[in-house]
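Participant: So that we are looking at the same thing, I have put the structure below in structure tokens.
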């Protein structure tokens, strides 16, 4: 089982590295979106610091959303997804592998890049630490829930916008506690509660999301 | 009976705009939904000859 | 042993077929015939568990294939209209992953030998994007040379877009598979001449 | 033999008599007969509720007469959440039992659920203005209602974007199930995020902190809203049944895809 999981991850990572442009695009989008806000709201440090957590988190959320179609769309189009439904291992293993690969190519880089943007928003050290911690726990949830949306919108008309419409409301709890953790750290308050709740969301979605994604994939390929 | 007169009722203790604004839109929504169903039925009947 | 038990399929509001029955014993080939839109592909997709029949069941040695899940998947080779070839990967990588998916990890030499058998010698490391449509199809068909361990082959138009030489190779592979006691279900517009094997024909009226 | 008999015959053959009405064709006339009863019930409950709300319930010492909006706001909010759960249940039923009618019921409920969510938001805003001074208050319940509206719109949009009705029903069922699991989480996280609004005036745990007549007014209005919702959803499901039949008839004439 573990070997199959590793096999799926290795394949998707190999495909991602063959198309480095796609991975880079998502990161560039993240930086651009986060850098636009000061142009709109003015660069007054106190104001920037106050909105920093929210802006960086929303930018990360949108970047993750942008890359979700990479999960299944290409495989659906060329028939690879069909083959994965007839594999020697449960479909959930394939979904888990692809979700992990998706996180490794989007969530993880976003988390590592976020402190740079945090500095742009004049966030102090403690807040930067909370930012990385909250993104590290939150971005996997974005991939897990996003996978459900990506599978549901396979082969539908206007899939990109529809995917955003389906998935963004489900991202609200992660955004609330993700940005909340950084905000609390900014105010010098303890943010352990936020991170533990993010951890709870991670466990919760790890258990439920793959089931929904598998069901959605079977429906899409029926 | 809370209201001295019909005017008092509509005045609603100064909050007439808000109260009747709420109930008015509520009623409007319901009316629109029923009308939408009617139109959908008529469009169905016209194209398929099926009874609504 | 594959059995279809009163299968019915509905596609786009139309009942393509109903109460369809057949039993496929080891060593036999079932050729599904019928005009376009008769439900040939739908039947094949139902047999390999991709699509759900409106009624009836697919049985694999007596057990419901749907319930078997990956147990059934481990015994099945399915080739659809789409070749499932990733353009960014090389034929060898594509083949390695396809084999790994059904639990048959093949060493590099075996992969290259299978590709060579389908006329792709020297092109193992070329990204599939640069191959022609026929070559991509052959890259997908290379799996036939490595799937002796899979008792059931379900092939949708395996001979389409192939040159004469490749057709002979594929037929030879199917022949040896049947001779080894394997089973195959396939659709094909060309006539299938397989000397030794017993061929069942199933015509879908459509 | 057309698919309709297949559904019906197949279920009857297996002795599942209660599935008789799961066949859309058997349910169609039944729904038609039930609608008038629900309409009457809705009107009666609404009349009683409004009478209690406007003519019996006393003026609120804090908010004056503005509070009477709750006789529409709270029932609408309850219905918006209740209908989402019912929609998810019908979706799940259809997903498990593979009955076509359940998927149609889920599609029939979604627009009415979205409508109640909009009414809850609108009345919430109009109630917020005199009470807290702003039209839109980022208060926990209103924000959750707004997100619930997005979930409804997402459900409707997903089903509209998939042509094959069976696939649309099944995809919608999965989305609704994922949604219904998330609604409490969203509500909890938004509630935590903003404790501006005083706790829900009527919650199952605490005893109602308002005059009983106010409570009865709201409960009657909620019943009225429920009856109305059933009547409208039955009417809409009849339309969906006819529309799908027509769709299938067209496809049969044109010869569906392989």
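Participant: Out of all the residues in region C:39-46, is one or more more than 11 Å from chain A (Cβ to nearest Cβ), in a helix (DSSP H, G or I), surrounded by 20 or more Cβ atoms within 10 Å (Cβ to Cβ) and touching a helix residue (DSSP H, G or I) at 6+ places or on another chain (Cβ under 7 Å)?
Facilitator: no
Participant: Is it the case that region D:90-101 has a residue that's within 14 Å of chain B (Cβ to nearest Cβ), surrounded by 24 or more Cβ atoms within 10 Å (Cβ to Cβ) and either closer than 30 Å to residue D:26 by Cα or modelled with pLDDT under 90 (or both)?
Facilitator: No, every residue in region D:90-101 fails to be within 14 Å of chain B (Cβ to nearest Cβ), surrounded by 24 or more Cβ atoms within 10 Å (Cβ to Cβ) and either closer than 30 Å to residue D:26 by Cα or modelled with pLDDT under 90 (or both).
Participant: While we're looking at this one, here's another question. Quick one: would you say residue C:150 is in contact with a strand residue (DSSP E or B) (Cβ under 9 Å, 6 or more places away or on another chain), within 13 Å of chain A (Cβ to nearest Cβ) and not in a helix (DSSP H, G or I)?
Facilitator: For residue C:150, the condition - in contact with a strand residue (DSSP E or B) (Cβ under 9 Å, 6 or more places away or on another chain), within 13 Å of chain A (Cβ to nearest Cβ) and not in a helix (DSSP H, G or I) - is met.
Participant: Inside region C:60-72, can you point out the residues that are within 13 Å of another protein chain (Cβ to nearest Cβ) and out of contact with any helix residue (DSSP H, G or I) (no Cβ under 7 Å at 6 or more places or on another chain)?
Facilitator: The answer is C:66, C:68, C:69, C:70, C:71.
Yes/no per residue for (1) modelled with pLDDT of 95 or more; (2) within 14 Å of chain C (Cβ to nearest Cβ); (3) within 30 Å of residue D:193 (Cα to Cα):
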site	(1), (2), (3)
A:48	no, no, yes
A:54	no, no, yes
A:59	yes, no, yes
A:70	no, yes, no
A:86	no, yes, no
A:104	yes, no, yes
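Participant: Could you list all residues from region D:151-163 that are buried (at least 19 other Cβ atoms within 10 Å of the Cβ) and either farther than 14 Å from residue A:159 by Cβ or more than 7 Å from chain A (Cβ to nearest Cβ) (or both)?
Facilitator: D:151, D:152, D:155, D:159
Conditions (1) within 13 Å of the chain's Cα centre (by Cα); (2) within 9 Å of chain D (Cβ to nearest Cβ); (3) assigned to a strand (DSSP E or B), marked per residue:
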{"position": "C:22", "(1), (2), (3)": "no, no, yes"}
{"position": "C:29", "(1), (2), (3)": "yes, no, yes"}
{"position": "C:37", "(1), (2), (3)": "no, yes, no"}
{"position": "C:52", "(1), (2), (3)": "no, yes, no"}
{"position": "C:58", "(1), (2), (3)": "no, no, yes"}
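Participant: If you don't mind, there's one more thing I want to ask. Within region A:153-174, is there a residue that is under 15 Å from the mean Cα position of the chain (by Cα), in a helix (DSSP H, G or I), free of Cβ contacts under 8 Å to residues at least 24 places away in the same chain and over 23 Å from residue D:172 (Cβ atoms)?
Facilitator: No.
Participant: Now, a different point. Under 7 Å between Cβ atoms, at least 6 apart or on separate chains: pull out the pairs that start in region A:195-222 with a residue that is without any contact (Cβ under 8 Å) to a residue 12 or more places away in the chain and facing chain D (nearest Cβ under 9 Å) and end on any residue that is surrounded by fewer than 23 Cβ atoms within 10 Å (Cβ to Cβ) and not in a helix (DSSP H, G or I).
Facilitator: A:222/C:51; A:222/C:52
Participant: Restricting to region C:100-114, count the residues that are buried (at least 22 other Cβ atoms within 10 Å of the Cβ) and within 11 Å of chain A (Cβ to nearest Cβ).
Facilitator: Final tally of qualifying residues: 2.
The values are calculated or read from the model by the stated rules, or taken from the named source; none is laboratory data. These numbers come from a predicted model, not from an experiment. Please note: Cβ atoms are built from the backbone with ideal geometry, for glycine as well, and neighbour counts cover all protein chains shown.
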